[in-house]
Amino acid sequence: MQFARKLPKTDTGVDDGIEIRIENLSVRFPDKNSRATVDALTGINLDIRRGEFISLVGPSGCGKTTLLRTIADLQAPSEGTVTVRGRTPREMRLQKKFGIVFQSPVLYDWRTARRNVCMPMELMGLPRKQRTRTVSEMLDLVNLLGSGHKYPHQMSGGMQQRVGIARALATQPEILLMDEPFSALDEFTKEKLNEELLSIWSIAKKTVVFVTHNIAESVFLSDRVVVLSPHPGRVSAVVEIDLPRPRHLAVRDTPAFGALVSRVRNSFEGV
Amino acid sequence: MNAIRWKKFFASPKWVTVVWVLGLILVWEIGATVVAGVKRTPENVLPHLYQIIGSVFSSQKANSTQTAIQIVLSNAWITLMRAGIGFALGAMAGFMLALLMSLFSAVEKMIFPYLMMIQMIPILGMAPIVLAITRDIDKSRIVIAAILTFYPVATNTLSGFKAVEREKRELMFSLAASRYDVYRKLLIPSSLPYLFTGLKIAAPMAITASILVDTLQGGGGLGCMMSQSLKHAMTIYVFWQIVFLSAIIGILSYQLMAWLEKLVSPYRRSGGDFPATDAKEPTP
């Protein structure tokens, strides 16, 4: 890893800095039109380090969302295992260690921004005082402290997605799982949120798994970009992004950035 | 300035309403004149509109103690109370059943076909059966109003539970929410618009049903007075006043539900449309 981040390391090998270990993972879905099955993912091996920002990038049908859903325990593996800090995804989910941001903001229309962010903490049964304080902290983190009273329909798509991020962070999860969170937004809002996400990540210090089909976005954000190819879904390359941090949008104009984007683009197989 | 105002008026939907109302009045008056020409009873069965309106303010006694409008209003109260109690009971039962059907799919499979059958029995066919069971006309009126309310509330609420987006359920799942919390925090609040659709359909129906069941037996109520009036035991104006009053009550009951809906869902009050949720299928 190129950026300065102290990882707790022990000689016993119990903590090897690996947050998520994916071993020989395959996921098959029944085909709608025949009795056969479709290989969404085959033989995936991947280690995700603690505190790392990793992107899963690929075209539609490459299984990137399925991989994310398998980590989140929203999808069961057909073969192989996923371990998160030595535990199963199910154990981690039950302990509320995942913060998930979906493609659409998935906000509750009947709750204000504040109450949306508050909702996971209500489920955890946290005392009101603590909830109120955390909500303010999280909204401040996504620059929405002044809009807490607004209902989702009164906010723009970008604001809604930021509320979604604040909500995902409110439970203090170990791992932030993001499924194409900015793909429905316009280019300007997306770039702004990309930069904001990096600053949130540098403050919150979470492991982030970020699914996208936008190559430039994945290069800009990530420590490593995992390139997935379809039919069957498989890892065709893992590209280390050694751009210096903190990164700002200007980095996109550098030759190094362009070269990395090309490397990722040329890693796709059979598209 | 005036010309512009007129132009605006003609372009507005109000103009359509005015034409409709004028047309209806015209048809009514032609009908009233024709019926008056062939009448065999002392009173015109289809009176002119001004006669009906006049009868509302008339101080002439329709029976030994009350004027027409006094009879109508006092009986309207009786009918409304029965319809209201039946509606409240039916709405509660419908909501509880929708909850049960959503919690246990076996319950849905067992009960749903019979719900539809009950709905298909005409009220007038159902009324004697209910009367035979309850042995009390007052109770059976309430029960029938409840049965009619029950079905639209149950089916609408159930489809409300089913309409919750997959991602919203998955968010609850990923937070390891208990079943109780999933219902309390997600399914019930998001099904409220559906529940109110059911209530808006059911409210006028409960009133209509209550009036219809009134006609079967004595004991007061709008329907009871209607049939007496039609049989010339009472002035025909009672009948026509009830027709208009029950139409008004029906509309008001709908409006009351719409108002209640706004009261409990402040997120809709500002009038803004819901953002169109992303129709994009998540890639597998």
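The values are calculated or read from the model by the stated rules, or taken from the named source; none is laboratory data. Owing to the predicted nature of the structure, the values given are computational and were not obtained by experimental measurement. Don't worry about glycine lacking a Cβ; one is built from the backbone with ideal geometry, like all the others, and counts go over all protein chains shown. Only protein heavy atoms, including side chains, enter the accessible area calculation; ligands, DNA and RNA are left aside. Shrake-Rupley method; radii C 1.70, N 1.55, O 1.52, S 1.80 Å.
Taken as Cα centroids, the stretch B:138-187 and the stretch B:22-84 sit 43 Å apart, rounded to the nearest whole angstrom. To test your reading of the geometry: what angle, between 0 and 90 degrees and rounded to tens, separates the Cα axis of helix A:113-124 from the longest principal axis of chain A? For A:113-124 against chain A, the angle is about 70 degrees. Computed over protein heavy atoms with a 1.4 Å probe, the accessible surface of the stretch B:64-267 works out to 47 Å² per residue. Legend: residues in the stretch A:144-171 shielded by at least 40 square angstrom of accessible surface upon adding the remaining protein chains to the isolated chain (1.4 Å probe, heavy atoms) are A:151, A:153.
Counting only Cβ charges, +1 for Lys and Arg and -1 for Asp and Glu, the dipole size of the stretch B:64-267 around its Cα centre is about 200 debye. When A:93, A:128, A:265 are compared by accessible area of protein heavy atoms, the largest-first order is A:128, A:265, A:93, using a 1.4 Å probe. Here, P(r) means the percent of Cα pairs in each 10 Å bin from 0 to the largest distance; for chain B it is 6, 20, 24, 22, 16, 9, 3, 0.
In order along the stretch B:115-123, the Karplus-derived 3J(HN,Hα) couplings, from 6.51 cos²θ - 1.76 cosθ + 1.60 at θ = phi - 60°, round to 4, 5, 5, 4, 5, 7, 6, x, 4 Hz, and Gly and Pro are given as x. Largest first, the three principal axis extents of the alpha carbons in the protein assembly as shown are 106, 68, 54 Å in whole numbers. Between the Cα long axis of helix A:128-141 and the first principal axis of chain A there is an angle of about 60°, rounded to the nearest 10. Rounded to the nearest 10 degrees, the angle from helix A:187-204 to the longest Cα principal axis of chain A is 80 degrees. Tell me whether chain A comes out rounded, prolate or oblate; compute the Cα gyration tensor, take square roots of the eigenvalues as a ≥ b ≥ c, and use a/c under 1.5 as the rounded threshold. It comes out rounded by the Cα gyration axes. Once backbone amide H atoms are built at 1.01 Å from N, residue A:236 has A:227, A:228, A:229 as its partners under 5 Å, excluding neighbours fewer than 5 places away on the same chain. Residue B:262 exposes around 120 Å² of accessible area when a 1.4 Å probe is run over every protein chain in place. Remark: spin-label model distance residue B:6-residue B:25 equals 2.0 nm, labels positioned 7 Å along the Cα→Cβ axis.
Going by a ≥ b ≥ c, the root eigenvalues of the Cα gyration tensor, does the stretch B:2-55 fall in the rounded group (a/c under 1.5), the prolate group (a/b larger than b/c) or the oblate group? All intermediate terms of the calculation are to be shown ahead of the outcome.
On the way: a/c = 4.85, a/b = 3.29, b/c = 1.47.
Since a/c reaches 1.5 and a/b is larger than b/c, the shape of the stretch B:2-55 is classed as prolate.
Ranking B:194, B:114, B:183 from most to least accessible surface, computed with a 1.4 Å probe over the protein chains only, gives B:114, B:194, B:183.
In the stretch B:155-177, the residues whose accessible area drops by at least 50 square angstrom when the other protein chains are added to the isolated chain are B:167, B:168, B:170, B:171, B:173, B:174, B:175, B:176; the probe is 1.4 Å and only protein heavy atoms count. For the pair residue B:248 and residue B:232, the difference between a 0.36 nm per residue extended length and the Cα-Cα distance amounts to 3.3 nm. For residue A:47, the solvent-accessible surface computed with a 1.4 Å probe is close to 50 Å², ligands and nucleic acids excluded.
Estimated at the nearest 10 Å², the accessible area of residue B:237 is 50 Å² with a 1.4 Å probe.
Note on residue A:254 and residue A:156: with the Förster distance fixed at 25 Å, the Cβ-Cβ geometry gives a FRET efficiency of about 0.25. The mean accessible area for residues of chain A, using a 1.4 Å probe and ignoring ligands and nucleic acids, is 43 Å² per residue. Using the Karplus relation 6.51 cos²θ - 1.76 cosθ + 1.60 with θ = phi - 60°, the per-residue 3J(HN,Hα) values for the stretch B:226-240 come to 4, 5, 4, 5, 5, 8, 6, 7, 8, 4, 5, 5, 4, 4, 5 Hz, with x marking Gly and Pro. Computed over protein heavy atoms with a 1.4 Å probe, the carbon and sulfur contribution to the accessible area of the protein assembly as shown reaches 62%.
Ranked by solvent-accessible area (1.4 Å probe, protein heavy atoms only, all chains present), the residues A:220, A:268 order from largest to smallest as A:268, A:220. Once the C-beta distance of residue A:90 and residue A:122 is scaled by a Förster radius of 22 Å, the resulting FRET efficiency is 0.45 to the nearest 0.05.
Ignoring ligands, DNA and RNA and using a 1.4 Å probe, state the total buried accessible area between A and B in Å², rounded to the nearest 100. Kindly include the intermediate steps, with their values, before the conclusion.
On the way: alone 13150 and 17740 Å², together 27870 Å².
When A and B are taken together, about 3000 Å² of accessible area is lost.
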